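Have a look at the structure below, then the notes.
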C-alpha cells in the first residue's frame, strides 16, 4: 500500500512538472511589466559587466527591485543570451516546490492531508503557467518551501534559516515565514530551537549584504520598493515622489529613506485615512487570482495591456460571452473562492496544531501587506499553498463524516 501510494505521488509530481514544461513550450514567454523590467535591468548589468545593482547606476535607480530575481535573469542572458533556460529551471522549481509542499504538510499533518493538499495544488489552474515569466514569486516560493522543510522536516535549522533569507533576496517577504516558524516552535513546545533559524537567517543576510557592501558601498540584501509604493499608492504625494525619483544626488538607499520619511510624516498627519485604506487593500489582495491566466492570453506579446482580457471588470462586463481564456479564468476563480471558503471553515473543524503554521503565515503576511504594502492580487500568491493546506484540512474532516 505504501509503495503504491508513493508511486502515485511521484506520478502526480512528474506529470505536474511535465505540464509546466509543456505550457512553457506551447505558450512561450509571458511579458508581464515587472518581468520585462527585470530583463531590462539584467541587460544593463551585462552591459556594465556587474551584478545588480550596478555601482555606477546607484544614483540613477529610482528604487531597488528584487535583487535575486534580476541577477538570475542576468545570469541566463549572459550565458545563453536568452531567458528561456531560466524559465525551464523555474518550471522544474515549480515541480520541486509541489513535492516539498507535500512533504511539509505530511510532517505537520498526516499522509491523507498531504495527499489532498497535493491534489488540490495540482488541479488548481493558477499553478500552471507561472514558469513562463521571470517574476519573483516562483523562485521565492521554491526557497521558502525549501527553508520550511529544512527546518520543520529535516531539523536543519541553520540551513533552513539561510534558505529563508535567500528567498528574501528574491522577494522581501522572508521575515513572515521566519516569524511563522518561530510561532510554530513556541506553541509546539520546541522553543529551545527558536534561535537557530534566526541565526541562519541573519547569517545569510550578512553574507548577501557584505558582498553588496564590498562592491557598492551599500549594505543591500533585499529590494527597497515598499516605501516608494506606499508613497505612490497611499499618500498622493506625487510631487514628492517625482522629486525623489529625479534626484540624482541621492543613491537608491537615500531615496528609499526619503520615501520612508515622507510616508511616516503623512501617517502622523492622516492616521484615520491610513487605516481607512486597509479594507480596500485587503479586498484588492484577495478579490481574485487571475494573474497567471495571462499565460494563456492569445497574442499576449503584442497587447499593450495584457491583463485586460482576464481582469475582474472585463469579466463582469463580458458575461456570459467569454473567450476560451476567460472561461478558464472563471473556472480558476470558482476554485479559488471555494479554497478560500474551505480554508476559513477549517478554522472551526481542525485541530489547532495543524492550523498553526498556515494561519501564522497567512495572518502575518496579510498584516504586513495591510500596514506596509498596497493591495494587489499578485501579493497573496505566496500564501496560496497554505490556503490550500487549510482547505485540505476541511475536506479531510468532511471525508470522515
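The values are calculated or read from the model by the stated rules, or taken from the named source; none is laboratory data. None of the values given here were measured: they were computed from a predicted structure. All Cβ positions, glycine included, derive from the backbone under ideal geometry; neighbour counts span all protein chains shown.
Test each condition in (1) under 29 Å from residue 346 (Cα atoms); (2) modelled with pLDDT of 95 or more for residue 109 and report the one that comes out false.
The single condition residue 109 does not satisfy is (2).
Any chance you could count how many residues in region 46-88 are under 19 Å from residue 214 (Cα atoms), surrounded by fewer than 22 Cβ atoms within 10 Å (Cβ to Cβ), without any contact (Cβ under 8 Å) to a residue 60 or more places away in the chain and touching a helix residue (DSSP H, G or I) at 6+ places or on another chain (Cβ under 6 Å)?
Final tally of qualifying residues: 1.
Only one of these conditions is not met by residue 99: (1) at pLDDT 95 or above; (2) surrounded by fewer than 19 Cβ atoms within 10 Å (Cβ to Cβ). Which number is it?
(2)
Would you be able to tell me the number of residues in region 230-253 that are in a helix (DSSP H, G or I) and in contact with a helix residue (DSSP H, G or I) (Cβ under 9 Å, 6 or more places away or on another chain)?
13
Looking only at region 171-200, count every residue that is assigned to a loop (DSSP other than H, G, I, E, B) and free of Cβ contacts under 8 Å to residues at least 40 places away in the same chain and tell me the total.
Number of matching residues: 3.
Out of everything in region 213-224 that is out of contact with any strand residue (DSSP E or B) (no Cβ under 7 Å at 6 or more places or on another chain) and either without any contact (Cβ under 8 Å) to a residue 24 or more places away in the chain or not in a helix (DSSP H, G or I) (or both), what residue ends up being nearest to residue 269 (Cα to Cα)?
222
Determine whether region 256-278 contains at least one residue that is under 24 Å from residue 167 (Cα atoms), assigned to a helix (DSSP H, G or I) and touching a residue at least 60 places away in the same chain (Cβ under 8 Å).
yes
All but one of (1) under 30 Å from residue 105 (Cβ atoms); (2) surrounded by fewer than 20 Cβ atoms within 10 Å (Cβ to Cβ) hold for residue 274; which doesn't?
(1)
Restricting region 138-170 to residues that are assigned to a loop (DSSP other than H, G, I, E, B) and touching a helix residue (DSSP H, G or I) at 6+ places or on another chain (Cβ under 7 Å), which is nearest to residue 99 (Cα to Cα)?
153
For residue 135, all conditions in the list (1) farther than 22 Å from residue 70 by Cα; (2) in a loop (DSSP other than H, G, I, E, B) hold save one; what is the number of the exception?
(1)
Confirm whether residue 239 is within 29 Å of residue 59 (Cα to Cα) and at pLDDT below 90.
Taking the combined requirement at face value, the residue satisfies it.
Name, by its number, the condition in (1) in contact with a helix residue (DSSP H, G or I) (Cβ under 8 Å, 6 or more places away or on another chain); (2) under 17 Å from residue 369 (Cβ atoms) that does not hold for residue 262.
Evaluating residue 262 over (1) in contact with a helix residue (DSSP H, G or I) (Cβ under 8 Å, 6 or more places away or on another chain); (2) under 17 Å from residue 369 (Cβ atoms) leaves (2) as the failure.
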